[in-house]
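What follows draws every value from the coordinates through simple rules; no lab data is involved. Keep in mind that this is a model prediction, so the values were computed, not measured. Every residue, glycine among them, receives a Cβ derived from its backbone with ideal geometry; neighbour counts consider all protein chains shown.
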Amino acid sequence: MSGHRLGQSPTARPGNLQDEIHHHALARYASLLLTLPSSSGHRGERPPMAPTVEISHLSFTYPGIDGRPPPGARPLIEDVCFSLDAGQRCLLLGSNGAGKTTILKILGGKHMVDPSMVRVMGRSAFHDTALTSSGDLCYLGGEWRRDVAFAGYQVNIQMDISAEKMIFGVAGVDPQRRDDLIKILDIDLSWRMHKASDGQRRRVQICMGLLKPFKVLLLDEITVDLDVLARSNLLTYLKKECEERGATIIYATHIFDGLDDWPTHIVSLCTVLSVHLLA
């Protein structure tokens, strides 16, 4: 993983509780990650390979109604650089408004940027729609919790349908992988989605999103509705996906319990628009 320490002010201090939590988390993981290997965990010599995820001098401002950034608007993201190789697991940290969700959406092909700034598996996520349609690139975020793809249609997760029909309605799935996810997430297939709790619905959604093997997974606060055990089981499963299949995961979260040995890398987005890379 490579990157730059950009625009850090030596006098910058947390301005609110979210910033304070973020800085404490960064301090907590700094000593840990400096001792972790920077490789993906695969043994043996390999020829150099292009990064799986590469962000190069990314700047982004949300456009106005005319499709262009408003005059004088300050970029939400400015000159961000980092890269990840196959098998690596990255925590994306930052206070509210620092740009975590925006970066994940850009990587997921949901916002258009110059293709030279962002590459996923050597391709432009926005322009190369085959990345997402193939399932190689998977984004699971807050917006995704309301509607999911079911039998080729967008279906509201709160409609009157069983968890079994939702999950088994996804075609072309490895039955063993499906069974593993149902067990890991402790899903009761008899749940009626319109009566299920937020945590139960979230488990079904995560299960459906992970049914097909991915190469790059982007997670935006998707474990917030899970209990401690379900979250731990899921993170263990995702770590195994990286170690055994060489998948790459970027996980934005503000819940740090149980993550001490999970990430191989950290990207910290500070309120002063800087990036710290610890590996």
- Message: If I model a spin label at ALA73 and ALA130 as a point 7 Å from the Cα along the Cα→Cβ vector, what separation in nanometres do I get?
- Response: 3.3 nm
- Calculated from backbone phi, Karplus (6.51, -1.76, 1.60) coupling profile of region 198-208 in Hz, x at Gly/Pro: 4, x, 5, 4, 4, 4, 5, 4, 4, 4, 5
- Within the under-10-Å Cβ sphere about ALA196, not counting ALA196, Lys/Arg +1 and Asp/Glu -1 give a net charge of +3
- Determine ³J(HN,Hα), in whole Hz, for all residues of region 168-179 in sequence, where each value follows from phi through the Karplus function 6.51 cos²θ - 1.76 cosθ + 1.60 and θ = phi - 60°; x replaces Gly and Pro. 6, x, 7, 7, x, 10, 5, x, 5, 4, 4, 5
- Note on the structure: FRET efficiency for ASP179 and GLU243 from the Cβ-Cβ distance with R0 = 22 Å, rounded to 0.05, comes out at 0.60
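So if R0 is 35 Å, what FRET efficiency would HIS111 and PHE168 give, r being the distance between their Cβ atoms, rounded to the nearest 0.05? Show your work: numbers first, answer last.
On the way: r = 33 Å, r/R0 = 0.95.
After rounding to 0.05, the efficiency reads 0.55.
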- Note on the structure: Over 29 Å (Cα to Cα) among LYS100/LYS240; LYS110/LYS183; LYS110/LYS215; LYS100/LYS195; LYS110/LYS212 -> LYS110/LYS183; LYS100/LYS195
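Within 10 Å, count the other beta carbons around each residue, average over each peptide in 54-67, 81-94, and list them highest first. Present the calculation step by step, with values, prior to reporting the outcome.
Numbers: 54-67: 14.5, 81-94: 22.4.
Top to bottom by mean Cβ count within 10 Å: 81-94, 54-67.
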